[in-house]
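Presented below is the structure to which this report refers.
FYI, it's all coordinate maths here, none of it is from the lab. These numbers come from a predicted model, not from an experiment. Virtual Cβ from ideal backbone geometry, glycine too; neighbours counted across all protein chains shown.
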Number of protein chains: 2
Amino acid sequence: METTYRSIFKWGDKREEKPEKGIIALVKEQFGYTDADFDKKVLYGDREVRLEQKSKIPAAIRQRFENITGSENVRSDDYSRASHAFGKFYGDLLYLRKGEIATPPDLVITPRTEKEIEQILTLCQQENIAITPVGGLSSVTRGVETPNGGISLDLTKYLSKILKVNTDNSTVRVQPGVYGPPLEKYLNDRGYTCGHFPQSFEYSTVGGWVAARGAGQASTGYGKIEDLVLALRVITPAGIIETKDFPATAEAWDLNKIFIGSEGTLGVITSVTLKIRKYRPENRAFASFLFKDFASATHAMRQIMQAGTSFSHLFRLSDPVETATAFKIKGFDNSLSDRFLKMKGYRPGERCLMFVSIEGDKDYTHLLKKKIKKIARQSGGFYSGEKPVKEWLKQRYESAYLRDPLMDIGIMTDTVETSVSWDNLLILWTNVRNYLESREKVHVMAHISHVYENGANLYFTFLSPMKQGDEIADYLDYHRELIDAIHANGGSLSHHHGIGRVLAPWMEKEMGKTAMGLLQATKDYLDPKGIMNPGNTLGLR
Amino acid sequence: METTYRSIFKWGDKREEKPEKGIIALVKEQFGYTDADFDKKVLYGDREVRLEQKSKIPAAIRQRFENITGSENVRSDDYSRASHAFGKFYGDLLYLRKGEIATPPDLVITPRTEKEIEQILTLCQQENIAITPVGGLSSVTRGVETPNGGISLDLTKYLSKILKVNTDNSTVRVQPGVYGPPLEKYLNDRGYTCGHFPQSFEYSTVGGWVAARGAGQASTGYGKIEDLVLALRVITPAGIIETKDFPATAEAWDLNKIFIGSEGTLGVITSVTLKIRKYRPENRAFASFLFKDFASATHAMRQIMQAGTSFSHLFRLSDPVETATAFKIKGFDNSLSDRFLKMKGYRPGERCLMFVSIEGDKDYTHLLKKKIKKIARQSGGFYSGEKPVKEWLKQRYESAYLRDPLMDIGIMTDTVETSVSWDNLLILWTNVRNYLESREKVHVMAHISHVYENGANLYFTFLSPMKQGDEIADYLDYHRELIDAIHANGGSLSHHHGIGRVLAPWMEKEMGKTAMGLLQATKDYLDPKGIMNPGNTLGLR
């Protein structure tokens, strides 16, 4: 087994990838890179992992953990601890590339049963040991770190079972540690789909989706994770809370909604009952459009969402730079089609690409497509067929793999996302874009990928050469003002990545003092000793 | 102004009504009533209101309230206090008919502004005075009583403004005290609808809808109130919490969802931002069906909800007795159509009536109707045209007016509702029905009126002669075992009426100890002195 820092921070299946031709051209053009620059191995991280501090848990206590789970499920070797020290926040990757791991967990424990989790929590309470439940460790908000050391409770090894598909109720009950692909395959094989496809799908778990309040690429139709969860079972230091799979209730307020977004600060989620839907790929309807500019495209999007026809499942819109970048990478520029489109007034640097994919009953998907086409055309949309969407879907999880090779050549790559009401959307897009572009050499792309009747998300991707030798501070400065700009322009701190520790400093300003007090009071009741994912997650003590 | 007990308990606009012919026939047939029985005036409540206890608030403190709101907005006359002592729970009506008001509020205050509410809360905290915010006082769960006396804070007089319609965002921001009809009219005049039509629509307020976590008749398409609320502003004893109108977020857990269903125990809701939808009555599609039995009808309902075609807005199904009752009242029995239907195997006492009404884009509503027809037919549904639904919609709020004239002739009339997953629905329906019918003389009807992919509600209506002289205890015994039966058969304590004090005794059994502790901890933080709607609401201290 490879035990380098690189093997930890590489996304996904650890395959080594070089940027494709289009990306290389873009980097050369935008940042003045020469061929030689592409041989760089910036902060390559190919050293063997070695931690300076040893596990701080005394042997006698470790023995008690081992008595619970068996010794093979309690690990304290350097690699296990290092590989559970970080998620996938850009800053995390820099620390790993530098080989700097300040606060790894003391132990990585893989519990085999819910009962064991209860016993572990009891022991952690008695001994005041921090504990952070983790799934795929794909958090981009520093949600899975262990600033106080303690236990990283890895649920992916044993708590990854699919417990029950109920076709009457159209639900599936699963354990938290199951990854996206096995769950989706299991459901597809039985004629169902989960409908939840986050960018991290391949390497994230149901528990993580719930804890971080995530959204999938088809959330416009299927809803965010909070719309998919019917029931939860959560082991908290104060006891077990289990909700029921009622389709809806008026039994006081909704306790599911307290654990969705709790980011491991309140307890360990041990089972999740999710809505499922019939899987009928043969009925899907696809459409893509080109618009003359972002304003007319977002106008169409809003009209479509408010048309009284229900919603497309996948619904995306790239802004002009993201559109131009995609066209460049795909070699579309100056093709015959491109020249035709330019002639028609769909100009590079202004035009925007929209993707639609609708699922469900066949007549329904086709009607909805027809309706969307009509509204799109009223806003000047040019129908560009099904193929671009189908092509995009084939590589829907690929962009996550691009970050590593770009960082290898010294390019900062990050994404930040927000949600915003329709009336603020263009203002926020303009101002946040302007801020991001105020950096000397930078390539900024944005898209909308989760759309609502009342607004949408905005997802910014930016590439820029790292400031060599000062990579982390340079990034954090840039990032801090970015979040300030989003906040100042009426955007939420997050639409689906969560808060973690990265956005925690903005929480009180965003929520208000009384609301933060309420979050803290909730935590204080469920976790009186503050052992659950402690250290400023969500801005909590 | 009429100041009798009767004027308080009568539903709605206080018009006097006699049961219609069909109801009279039913009562004769079922309960052996003779013509003379219809002249009864059982517990008629036409005495003038007179309270035994005077307001317990000392004059000096009362003066301080008057300093805040002006003396005209602080009332302690018997009628004001009596009319704010109860909601519309069946037991409440009995107490009012008997002229027994054990714990009226000491003062009824109608604050003029949010600022005044803040000041009132501060004073109540200082002086340890209970305070219960109220809207239309239509609670059927003893949610608005004042067991500790104190203040009934009536928000309907001044805090009833529509603050802003935002057509970009498709939202309306309103104050809590606005009633259904003025809100809906305001929106309709601007081309929008709120889509929330509870049975109590005419006499309930937005604040009450939110506080009690209600649902409207079109909730299958538009969602329950928790699906319609985007943002709230709440004045709590601990401070103000204001959420933003983001279309969705991942900013920790969802604080809106804590106030939706809080039933006045956490604070005073002072503004609500709701989703609105385009109002296009001309596009509506209607359908009604007759099924051979409840099992095939609920099967069709489930298939329709899981068909991948989005949802009908109004979607109702009456069980065999409710269907037979409606047919009898409408004089349908033994008509030509009836004889035809019987011949086709749709037999009285077995057959079930289903109503569908779909809103939105015209092609969409018509396609959905077509799809529903197809699925209904596959389950043996007989399409009975648009008219029955249209007729039903014309008198959609009428059944609430029926309770008073029936009680006048000594007939107990109540409704109890629950939600249940599909796999438990028929079992619950059968067993709860059997329990209700175990009473000597009783007429039990049930329907489904809020439908989901994962289950539905069940709404039971029962009529039975009162036990004269022992009306209240007799009812409470019957009701207690009814809730036990619902709970034992996997139903929720409520789908949309809320918990109040009526269902509070079941809460710990239903939610579990740790969950109840979490509810209480939330209250203890926001309302440390326990002044907000105290006395066992939701089972809280």
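Extent along the principal axes, Cα only, for chain A: 76, 59, 46 Å, with the longest axis given first. Taken over the Cα atoms of the stretch B:364-417, the convex hull encloses 150 Å³ per residue.
Each Lys or Arg adds one and each Asp or Glu takes one away; over the other residues whose Cβ falls under 10 Å from the Cβ of A:Gly381, this sums to +4. Computed about its Cα centre, the charge dipole of the protein assembly as shown is approximately 2780 debye, with only Lys, Arg, Asp and Glu carrying charge at their Cβ. The angle separating the long axis of helix A:513-526 from the principal Cα axis of greatest extent in chain A is about 40 degrees. Ranked for footprinting exposure by Cβ neighbours inside 10 Å, fewest first, B:His443, B:His496 give B:His443, B:His496. To the nearest 20 Debye, how big is the dipole of the stretch A:203-327 about its Cα centre, given +1 on the beta carbon of each Lys and Arg and -1 on that of each Asp and Glu? In debye, rounded to 20, the stretch A:203-327 gives about 340. Annotation: the antiparallel percentage among DSSP beta bridges lying fully within the protein assembly as shown is about 90. Beyond 16 Å, the tail of the calculated P(r) for the stretch A:46-153 holds 55 percent of the Cα pairs.
Name the residues of the stretch A:350-374 whose amide N is less than 13 Å from a point 7 angstrom out from the Cα of B:Asp363 along the C-beta direction? In the stretch A:350-374, the label zone of B:Asp363 (backbone N under 13 Å from the point 7 Å along Cα→Cβ) covers A:363-374.
Here each label is just a point 7 Å from Cα along the line to Cβ, and for A:Thr34 and B:Lys41 those points are 10.6 nm apart. Could you tell me which residue out of B:Ala473, B:Ala521, B:His487 lies farthest along the dipole of the stretch B:397-541 toward its positive end? Charges go on the beta carbon: Lys and Arg +1, Asp and Glu -1, centred on the Cα centre. The residue sitting farthest along the positive end of the dipole is B:Ala521.
Relative to the globular-protein estimate of 2.2 N^0.38 Å, the Cα radius of gyration of the protein assembly as shown stands at 0.98.
Here's the picture: charge each Lys and Arg Cβ at +1 and each Asp and Glu Cβ at -1 in the protein assembly as shown, and of A:Ser421, B:Val444, A:Gly380 the one pushed furthest to the positive end of that dipole is A:Gly380. As a proxy for reagent exposure, B:Tyr459, A:Tyr158 were ordered by neighbouring Cβ count within 10 angstrom, fewest first; the result is A:Tyr158, B:Tyr459. Remark: the stretch A:90-211 is approximated by an ellipsoid whose semi-axes, taken from the C-alpha gyration tensor as √(5λ), come to 29, 20, 9 Å, largest first. For the pair the stretch A:8-62 and the stretch B:244-292, the centres of their Cα atoms are 46 angstrom apart. A Cα-only calculation for the stretch B:384-541 places Rg and Dmax at 18.0, 58 Å. Each of B:Val206, B:Leu187, B:Leu96 was scored by the projection of its Cα onto the charge dipole of the protein assembly as shown, and the greatest displacement toward the positive side belongs to B:Leu187; charges sit on the C-beta of Lys, Arg, Asp and Glu. Based on DSSP H segments of at least four residues, each scored -39500 (n - 2.57), the protein assembly as shown has a per-residue ellipticity at 222 nm of -10500 deg cm²/dmol.
Rg/Rh, computed from the Cα trace of the stretch A:184-306 with Rh as the Kirkwood radius, has the value 1.05.
Distance between the C-alpha centres of the stretch A:422-452 and the stretch B:85-116: 53 Å, rounded to the whole angstrom. Based on Cα contacts under 8 Å between residues 6+ apart, the stretch A:294-443 shows a relative contact order of 27 percent. Simple spin-label estimate for A:Thr113 and A:Gln378 gives 6.1 nm between the two label positions (7 Å along the Cα-to-Cβ direction from each Cα). The label point for A:Ser399 and the one for B:Tyr158, both projected 7 Å from the Cα toward the Cβ, are 5.1 nm apart.
Counting only DSSP beta bridges whose two residues both lie in chain A, roughly 90 percent are antiparallel. On the beta carbon distance between B:Ala473 and B:Arg50, with R0 = 25 Å, the FRET formula returns roughly 0.50. Quick one: net charge of B:Gly99's neighbours, Cβ under 12 Å, K/R +1, D/E -1? With Lys, Arg at +1 and Asp, Glu at -1, the neighbours total 0. P(r) tail for the stretch A:88-145: Cα pairs beyond 15 Å make up 59% of the total.
By the count of other C-beta atoms within 10 Å, a proxy for reagent exposure, A:Ile240, B:Ile358 are ordered fewest to most as A:Ile240, B:Ile358. For chain B, the longest principal axis of the C-alpha atoms and the axis of helix B:294-305 are separated by about 70°.
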